[in-house]
Amino acid sequence: MKSAVTIALVPQIKSGPWVFWENIEDSIAKAAALGFNAVELFTASATAVNTTLLQQLLETYHIRICAVGTGAGKVVQGLTLTDADADVRARAIAFISEMIDFGAAFSAPAIIGSMQGNIPHGTERAIALQWLGEGISILANKAVKKGVRLIYEPLNRYETNIFNCFADAVAWLKTLDTNNIQLLADLFHMNIEEASIPETIYQYGSYIGHVHFADSNRRAIGMGHTPMSDIAKALQSISYSGYLSAEVFPLPNSDAAARQTINAFNTWFK
Ligand code: LER
Ligand code: MN
C-alpha cells in the first residue's frame, strides 16, 4: 500500500477537506519531505497546472500523482453528469474527459465524486441513472484508451441521493458495459453509510481502486473514532495495493494534518 496526501489549487473551495492549499511546489516539497509516495491533485481544470512544470517537480521531489479530482467541474462551473439539461451533462462529460487526459499524462486516474450530481427534482431515478450510466460509460472507455482506470466514489447521503453504499454502487456498476471502473473507498463517507467498514472492504475488495484515508470527523486518521485496526486488517487481507490518500481537513493546520497522516500510515501499513 502507498501513501498520498491531497493538494487543492482551487481558491473558491478553500473550506474543503484537502490538506495542502499552497502553491504547488511548496505543497509537493512538503509531501515529499514527509515521505509520502504521491499527491492527489484537485485543480480548477485540466489546464490549470502547467504539465511541464509539474513533471519537473515530480522528478525533483521523487513523488508521483496518485489521482486527480474532478469536483471543480461542479463547484466552480455547476456541471454534473445527472443535470436535467443535456447541454450541462455534455459539458460535464467534456470536463471530466479533459481531466482524464491530464491525469493520464502522469498515469493517474480521474475520480468522479461530486460530479455524479443528484437525481434532479422532477426527474425519475431510472432516467437520471441512465444519464449517469451513459456519461460514465463514455468516460470509462476514454480512460481505457488512455491506459488508466476511472474511479467512481459513493458519497454520503448529505452529498448525493444516487448511491451511498458500496452494495448499491456495485450492483449498478455490474449493469454497465465496462470493467474499467473501480470504486473509491472514502472512509469518511463509509463511516456514515456502511454497517461495517471492514466487512464492506472484505465483500467488495476487488472493486476498490483508491482509498480516501480520513477519520470519522474527516480529520487525519487517529484524530477521530474510526476503528483503524480492523480496517487495516481488511485492506491487508484483500491485498489492496493502491493508495491511501488523505482527503481531510487541514486541522489543526496543514502541516500537522499531513504529519498525523503519515504517522498513521506508517503505524498501520509499514
Ligand atoms: C470527494 O472525494 C469527496 O469525498 C466529496 O465529499 C467531495 O468533497
Ligand atoms: Mn472522497
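Here VAL144 fulfils each of the conditions (1) closer than 30 Å to HIS62 by Cα; (2) touching a Lys or Arg at 6+ places or on another chain (Cβ under 9 Å); (3) not charged (D, E, K, R) apart from (2).
Residue-level check: of (1) over 17 Å from ALA214 (Cα atoms); (2) surrounded by fewer than 17 Cβ atoms within 10 Å (Cβ to Cβ); (3) of a type outside the set (A, V, I, L, M), GLY135 misses just (2). The set of residues in the range 206-242 being within 18 Å of ARG259 (Cβ to Cβ) and in contact with a Lys or Arg (Cβ under 9 Å, 6 or more places away or on another chain) consists of ALA220, GLY224. When the range 163-181 is limited to residues that are buried (at least 21 other Cβ atoms within 10 Å of the Cβ) and not in a helix (DSSP H, G or I), the one that is nearest to ligand 1 (Cβ to nearest atom) turns out to be PHE163. Residues that are over 19 Å from ILE151 (Cα atoms), out of contact with any strand residue (DSSP E or B) (no Cβ under 9 Å at 6 or more places or on another chain) and not acidic (Asp, Glu) number at least 1 in the following helices (runs of 4 or more DSSP H) confined to the range 1-75: 24-34, 51-61. Looking only at residues in the range 182-208 that are away from ligand 1 (no atom under 16 Å from the Cβ) and assigned to a loop (DSSP other than H, G, I, E, B), the one that is surrounded by the fewest Cβ atoms within 10 Å (Cβ to Cβ) is ALA195. Only one of the numbered conditions (1) more than 14 Å from ligand 2 (Cβ to nearest atom); (2) touching a Leu at 6+ places or on another chain (Cβ under 8 Å); (3) within 17 Å of VAL5 (Cα to Cα); (4) not β-branched (Val, Ile, Thr) is not met by ASN180, and that is (3). Among the numbered conditions (1) away from ligand 1 (no atom under 14 Å from the Cβ); (2) farther than 22 Å from LEU54 by Cβ; (3) not β-branched (Val, Ile, Thr), the only one that ASP101 does not meet is (2). The single condition from (1) farther than 19 Å from LEU244 by Cα; (2) crowded, with 24+ Cβ neighbours inside 10 Å that CYS66 fails is (1). Checking the stated criteria, TYR243 turns out not to satisfy the condition of being closer than 24 Å to PHE42 by Cβ, surrounded by fewer than 16 Cβ atoms within 10 Å (Cβ to Cβ), within 16 Å of ligand 2 (Cβ to nearest atom) and of a type in the set (Phe, Trp, Tyr). For the range 83-92, taking the residues that are crowded, with 20+ Cβ neighbours inside 10 Å and either within 13 Å of ligand 1 (Cβ to nearest atom) or not basic (Lys, Arg) (or both), the one that is farthest from the chain's Cα centre (by Cα) is identified as ASP83. Restricting the range 100-127 to residues that are crowded, with 22+ Cβ neighbours inside 10 Å and part of a helix (DSSP H, G or I), the residue that is farthest from the chain's Cα centre (by Cα) is PHE102.
Restricting the range 140-162 to residues that are in a loop (DSSP other than H, G, I, E, B) and buried (at least 18 other Cβ atoms within 10 Å of the Cβ) leaves a set whose member that is farthest from ligand 2 (Cβ to nearest atom) is VAL148.
Every listed requirement among (1) outside any loop (DSSP other than H, G, I, E, B); (2) more than 23 Å from PHE20 (Cβ to Cβ); (3) within 13 Å of ligand 2 (Cβ to nearest atom); (4) β-branched (Val, Ile, Thr) is met by VAL211 save one, (2). Considering only residues of the range 69-82 that are of a type in the set (A, V, I, L, M) and farther than 24 Å from VAL5 by Cβ, which is surrounded by the fewest Cβ atoms within 10 Å (Cβ to Cβ)? Among residues in the range 69-82 that are of a type in the set (A, V, I, L, M) and farther than 24 Å from VAL5 by Cβ, the one surrounded by the fewest Cβ atoms within 10 Å (Cβ to Cβ) is LEU79. Whether any residue in the range 257-268 is assigned to a strand (DSSP E or B), within 16 Å of ligand 1 (Cβ to nearest atom) and touching a residue at least 24 places away in the same chain (Cβ under 8 Å) is what I want to check. Within the range 257-268, not a single residue is assigned to a strand (DSSP E or B), within 16 Å of ligand 1 (Cβ to nearest atom) and touching a residue at least 24 places away in the same chain (Cβ under 8 Å).
Read-outs: derived from the displayed coordinates by stated rules, not from any lab. In this text the structure is predicted, and so the values were computed from the model without any measurement. Please note: Cβ atoms are built from the backbone with ideal geometry, for glycine as well, and neighbour counts cover all protein chains shown.
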